[in-house]
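Structure record follows, encoded as structure tokens.
The values are calculated or read from the model by the stated rules, or taken from the named source; none is laboratory data. All figures in this text were calculated on a predicted structure; none of them were measured in a lab. FYI the Cβ positions are ideal-geometry reconstructions off the backbone, even for glycines, and counts take in every protein chain you see.
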Amino acid sequence: MKKIKGKLLALILCFVMIGASATPAVQTFAANEVKTPTKVSSLKETSASATSISLSWKKAKNCTGYEVYTSTKKGSGFKKVKTISKNSTVTYTMKKASGKNLAANKSYYVKVRAINKSGGTVKYGKYSSVLKVYTSPAKTSSFKCTDYDSTSISVEWEKVTGATGYYVVVYDSEKDEADEAVTKDLSADFNDLSEGETYTVTVSAYKQVRVASKTLKLYGPEKSLTLTLPEEDSDFDDDDADDEDDEDD
């Protein structure tokens, strides 16, 4: 009888020890479990050129990085264009959509999701809301001086598709801004300039858009020309005011 009781006691102690040793293993598994990242929020367009779009978003929780998807359509055709391996990197410059380079004066769609990777395990957060984004207008095809004298310059340019307006700036020989104009016209006049000074005039088309309930002005590439004003009034000579970008176009 004593032998039976001793065996039972030993058996009970064995089960207790097995249970005690198993508990830490369960706790360790729970502590190392890969969590699902939170949904990416506050995705927005911060700036754009004719061939690229700059994006930013709010940092997600429980993540090691992000995936960026773009498309030319809102509801389909999304392709992953970038995997970001740092959770602190919450910006990206988009240059492709649906496998093609971005083009001037176009709209595209983008969405981002967070990822959490540990060892061989990867968890994905929900996609952000799809955001419609835009590239800026293209460069004007022609920009020229139509008249000038010792203190004034008149310029004109060709219309740019999709432009809301145009931003024209006059720089002196020290590259300081001497004058500027924001206009919807295709010409601009600048007066009260300095005799004998060399000026560079630039024009860029801009487009005003609404992105994520905010208004953005997206400026296209500049076209420029340079001329030196005479000391006194003189007849206009086409050769004195050349479009500097002609060689590039």
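Pairs, please: C-beta under 6 Å, at least 6 apart or cross-chain, first residue surrounded by 19 or more Cβ atoms within 10 Å (Cβ to Cβ) and in the stretch 35-56, second aromatic (Phe, Trp, Tyr)? Cβ pairs passing all conditions: Val40/Trp57; Leu43/Trp57; Leu55/Tyr92.
A residue that is of a type in the set (A, V, I, L, M), surrounded by 14 or more Cβ atoms within 10 Å (Cβ to Cβ) and not in a strand (DSSP E or B) can be found somewhere in the stretch 123-133.
In this structure, does Ser224 turn out to be of a type in the set (Ser, Thr, Tyr) and in a strand (DSSP E or B)? When the stated conditions are applied, Ser224 passes them. For the stretch 234-247, indicate whether the set of residues that are surrounded by 12 or more Cβ atoms within 10 Å (Cβ to Cβ) and at pLDDT 95 or above is non-empty. No, the conditions are met nowhere in the stretch 234-247. For Lys175, the test of being assigned to a loop (DSSP other than H, G, I, E, B), more than 24 Å from the chain's Cα centre (by Cα), closer than 17 Å to Gln208 by Cβ and not assigned by TED's automatic domain parsing to the domain that holds Tyr109 is failed. Out of Val168, Val160, Val182, one residue alone is assigned to a loop (DSSP other than H, G, I, E, B) and within 21 Å of Ala50 (Cβ to Cβ). It is Val160.
Residue by residue through the stretch 94-122, note down the ones that are β-branched (Val, Ile, Thr) and surrounded by 14 or more Cβ atoms within 10 Å (Cβ to Cβ). Result: Val110, Val112, Ile115.
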